[in-house]
């Protein structure tokens with residue numbers, strides 16, 4: 001990693017931390033409440049039963065059981081193929097920032113959308129952790145963290161020329177937008193919760209990319 005790249009990534013981490021801190025303050029002071037309510041009402045005007053089932057698939061993607069299993073599988077594959085110690089950074093920051101997400105839901109007083117907004121066609125996943133408040137969204141954090149690993153791998157140097165990189169990046173962006181939309185549509189989270197969860201995941205991914213072990217090399 002060059003000195004210029006190091007400075008750019010350090011600046012990005014600083015900006016993300018600043019954005020997360022500012023959003024936390026705004027949410028804690030209830031500044032975002034009216035905007036969140038309006039955003040949820042607008043999104044749910046599009047609601048119909050078939051779309052409920054489609055949006056539920058994004059709930060599965062960000063569930064604790066699926067995301068943990070997927071992260072362990074991805075880490076095992078990357079370590080076995082490349083003998084790459086960087087996979088442990090993904091595991092570390094995923095766990096550390098999951099802790100931040102959990103603590104924030106006890107510290108930042110911001111109640112989740114009420115039952116009148118719920119559009120879940122099925123019960124939620126097996127591992128349900130009940131917290132008093134909703135900021136930031138754990139589903140958004142976990143989903144975007146996993147998709148971010150995929151995105152980072154596409155930017156590394158050892159990929160074959162014909163890897164359909166652009167198409168894969170489009171798919172990643174669509175999935176991220178789908179995750180964010182589903183959280184609000186299903187009435188699980190406010191928009192500010194979703195943005196907070198996404199920023200938290202970007203902080204973790206940026207911290208991983210800062211490491212000298214970021215670039216895997218074939219074993």
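Per-structure values
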item: Crossing angle, helix 3-28 versus the chain [Cα axis fit, 0-90 degrees, rounded to tens]; result: 10 degrees
item: Value in Å of the Kirkwood radius, where the chain supplies the Cα pairs that are averaged; result: 18.3 Å
item: Computed over the chain: relative contact order in percent, which uses C-alpha pairs under 8 Å that are six or more apart; result: 37 percent
item: Nearest-ten-degree value, helix 33-44 long axis tilted from longest Cα axis of the chain; result: 90 degrees
item: Radius of gyration and Dmax over the Cα atoms of the range 47-88, both given in Å; result: 15.4, 48
item: Ranking of 82, 90, 102 by count of other Cβ atoms within 10 Å, fewest first; result: 102, 82, 90
item: Virtual spin-label span in nm between residue 151 and residue 51, 7 Å along Cα→Cβ; result: 2.4 nm
item: In degrees, nearest ten, helix 165-185 long axis to first principal axis of the chain (Cα); result: 20 degrees
item: Residue exposure sequence - 25, 172 - by fewest surrounding Cβ within 10 Å; result: 25, 172
item: Stretch gain in nm, segment residue 14-residue 35, where the contour uses 0.36 nm per residue and the Cα spacing is subtracted; result: 4.9 nm
item: Mean residue ellipticity (222 nm) of the chain, computed from DSSP H runs ≥ 4 via -39,500 (n - 2.57), nearest 500; result: -23000 deg cm²/dmol
item: Potential lengthening between residue 181 and residue 28 on full extension [0.36 nm per residue; Cα-Cα distance subtracted]; result: 52.8 nm
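No value in this document is a laboratory result; all are computed from the given coordinates. Just so it is clear, the structure is predicted and the values come from calculations on it, not from any experiment. Cβ atoms come from the backbone with ideal geometry, glycine included; neighbour counts cover every protein chain shown.
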